[in-house]
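Note sheet for the following structure.
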Amino acid sequence: MNNKRIDTVITSEEIISILRRYNIGKKPLARLLGWGETTILRYIEGDIPTTEYSKKLISILEDPEYYYETLEHNQDLITGVAYRKSREAVLEIILSSKINKVSYYIMHISKLSKWDISAKYLQCILYYSQVFSLVLFNNELFPDDCMVNDEYIPYENQYKRMERNSSYIINCNNISLSPTEKALIKEVYEAFSWYGPRAFHQMALYDKSSIKISRDQRNRRIFAKDSLKAYYDEVLKIYNIANINEIKRYPGLRLREICERNE
């Protein structure tokens, strides 16, 4: 049994890990990938996968959302029981992350409104959902730190994930957010969806110099949650925004202030 990966060749132990992680059998996985039924078994027993097959298996191992897309796209190639068991397993992995839950809920709202939200604009909704949760509820919506960078992409890992996997929307019934959280996210989405990425860039640029920058454990620049809360708490007081029903007023007020300052 091959247990040590050589370059881009997946190991037998890693293949076994795929089967366990996604609760799928050897034959169903092979069928799902459009391969011969004994392919996975042969690799586990010592055959060396081709570079193409190995790369695909490594992608599946390292990226649950890639596997989810593969499962959804090729579900007719396996039994209904195998599909449901594996789907439950992969969704549990994906939705164990709170920011993933929030992201997929935003994408769900976007789909209902018949608007294909971009990875960049999702960042805007994530950012302001976090901000309004911190200020109005004194509670973080998700634990991820807000990165400070020249591209104004506050949640870089999430941005990269959506860039890779943006085709499938997870059924809203699988997303366990509280009614209050869902209401907040929906209000932020509806308030900001009237404005384009350029408006978000203007607001981010305007605010950036006034928010305290910290460093995380990896020495990356971040806006700590307490800094975000302190800054936007003052802003919302000025705009007299005290509950989620008033969030819709924020973008217009902010952009008007920016325009007046730039005149």
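What follows draws every value from the coordinates through simple rules; no lab data is involved. Fair warning: this is a prediction, and the values are worked out from it, not measured in the lab. Virtual Cβ from ideal backbone geometry, glycine too; neighbours counted across all protein chains shown.
Key figures
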quantity	calculated
Per DSSP, loop GluC sites (Glu not before Pro) in segment 14-75 with at most 15 further Cβ within 10 Å	37, 45
Relative contact order of segment 134-263, pairs being alpha-carbon contacts under 8 Å that are 6 or more residues apart, as %	35
Cα gyration tensor shape for segment 121-224, rounded if a/c is under 1.5, else prolate or oblate	rounded
Of (i) 65, 44, 35; (ii) 69, 38, 30; (iii) 63, 52, 30, the label for Cα extents along the principal axes in Å derived from the coordinates	(ii)
Protection-proxy order for peptides 145-153, 103-111, each taking the mean of Cβ atoms within 10 Å per residue, highest first	103-111, 145-153
Added length on full extension, which subtracts the Cα-Cα distance from 0.36 nm per residue, residue 111 to residue 151	11.8 nm
Residue order, fewest to most beta carbons within 10 Å, for 128, 159, 239	239, 159, 128
Sequence-separation-based contact order of the chain, relative, with Cα cut under 8 Å and 6+ spacing, percent	16
